[in-house]
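Below is one structure, written out as structure tokens; comments come after it.
The values are calculated or read from the model by the stated rules, or taken from the named source; none is laboratory data. As the structure is a prediction and not an experimental result, all values here were calculated from the model. Note: ideal-geometry Cβ built from the backbone for every residue, glycine included; neighbour counts use all protein chains shown. Ligands, DNA and RNA are excluded from the accessible area calculation, which covers all protein heavy atoms including side chains. Shrake-Rupley method; radii C 1.70, N 1.55, O 1.52, S 1.80 Å.
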Amino acid sequence: GGLGADIYVFNLGDTGKTTTTADIIRGFVSGTDKLQMGVAGDGTNFVAHDANTAIVNDGNDVTSVEAAVAIFQLLLTGKRYGYVYDSNGGVDGYLVVDSNTDGTADFVITLAGLTTAGGLAATDIIA
């Protein structure tokens, strides 16, 4: 984070898919900061999902990487990037990455403090 535009570079194996192994980015600003992932995000490979929607709202907040992965694998398969956030009670957002679109999360990046749809956009992900 910090002031100004930041570019965070991630490759397969750089970060994990559990709360203890996933990297955390603090101070990410959509439209200013970028995530360099090897494949750019776009309308066909990126989806944002509010875990507070009726589809998955079971009364629990999404407060862990594992919960974000479960939602991604249940609802967002076929996408390379899934931004999972909780607009009602969430603390962080999670970018779940399925690098080969096989329906299994390969890694997750915790985006500290992002709990809205506008917290991350497809255009924030660059090749």
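Using the Kirkwood formula on the Cα atoms of the chain, what hydrodynamic radius do you get, in angstrom to one decimal?
Numbers: mean 1/r = 0.0707 Å⁻¹.
Taking the inverse mean of 1/r over all distinct Cα pairs, the chain comes out at 14.1 Å.
Using a 1.4 Å probe on the protein heavy atoms, what percent of the accessible area of the chain belongs to carbon and sulfur?
Answer for the chain is 52 percent, counting heavy atoms of protein chains only.
Accessible area of residue 115, 1.4 Å probe, to the nearest 10 Å²?
So the heavy atoms of residue 115 present about 30 Å² to solvent.
For residue 44 and residue 5 in the same chain, what is the full-extension length gain: residue separation times 0.36 nm, less their Cα-Cα distance, in nm?
Numbers: separation 39, 0.36 × 39 = 14.04 nm, distance 2.54 nm.
The residue 44-residue 5 span can extend by a further 11.5 nm.
Leaving out ligands and nucleic acids, note down the accessible area per residue over the chain with a 1.4 angstrom probe, in whole Å².
Details: 5880 Å² over 127 residues.
Ligands and nucleic acids excluded, the result is 46 Å² per residue.
Step through the residues of region 74-83 one at a time and calculate ³J(HN,Hα) from phi using the Karplus curve (6.51 cos²θ - 1.76 cosθ + 1.60, θ = phi - 60°), rounding each to whole Hz and writing x for Gly and Pro.
Once rounded to whole Hz, the list reads 7, 10, 10, 5, x, 9, 7, 10, x, 9.
Could you estimate the translational diffusion coefficient of region 55-127 from the Stokes-Einstein equation, with Rh from the Kirkwood formula over C-alpha pairs, at 4 °C and 1.567 mPa s, in whole µm²/s?
Values: Rh = 12.3 Å.
Diffusion coefficient, whole number: 106 µm²/s.
What is the sum of charges around residue 12, taking Lys and Arg as +1, Asp and Glu as -1, for the other residues whose C-beta is under 15 Å from the C-beta of residue 12?
Charge balance in the 15 Å sphere: -3.
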